[in-house]
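Below is one structure, written out as structure tokens, with a few remarks after it.
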Amino acid sequence: MRIISGLYKNRPLKSPKSAQTHPMGERERLAIFNMLGDLSGKTVLDLFAGTGALGLEALSRGAAEATFVEKDPKVCALLRANAAGIPSAKILCQDAQTFSPDKVYDLVFLDPPYHLYDKSLVAKLARYGKLAVISMPKDGELPDLSILQNRDYANCKILISML
């Protein structure tokens, strides 16, 4: 797995060997960032960050800063390694479900482990951003949000929502 475009293009990303973590594939990430367009100067929040692929891709494409929230200590260590040398990456090793930001971000990524997917929780966390990108199980219930885009992939659904 790697960053696919921008300043950090081709930077390899370490990934945990765990059934609990499902790093998003390059095809889905490419589609998301094509839909999002220019991220210059944007602030990003990557909840359930895992490898950090989404937030790091955003930084690579010009986002000003990204905050990553990941609770698993082993995965958080991999995330720190993936973000090494990127000064605008802030990593918090804590539970995304109890995270309380001190500001509204321009963009929030929500890619919770599918066994934790809950439409009410996702709707609450999506409000931490002006725009939210949500990855959910294909058969999951849609959160009560204003959905701008809804795309189906092999085993997931990608939503883009606006506050």
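Brief remarks on what is shown
- Positions within the range 1-20 being of a type outside the set (A, V, I, L, M), in a loop (DSSP other than H, G, I, E, B), at pLDDT 95 or above and within 22 Å of Cys76 (Cα to Cα), in sequence order: Tyr8, Lys9, Asn10, Arg11
- Residue match in the range 55-62 (condition: closer than 19 Å to Val122 by Cα, buried (at least 24 other Cβ atoms within 10 Å of the Cβ), touching a Lys or Arg at 6+ places or on another chain (Cβ under 8 Å) and not aliphatic (A, V, I, L, M)): no
- Test: residue in the range 96-111 that is of a type in the set (Val, Ile, Thr), surrounded by fewer than 21 Cβ atoms within 10 Å (Cβ to Cβ) and touching a residue at least 12 places away in the same chain (Cβ under 8 Å): yes
The values are calculated or read from the model by the stated rules, or taken from the named source; none is laboratory data. The model shown is predicted, which means the values in this text are computed figures rather than measured ones. Glycine gets a Cβ as well: all are built from the backbone with ideal geometry, and neighbour counts include every protein chain shown.
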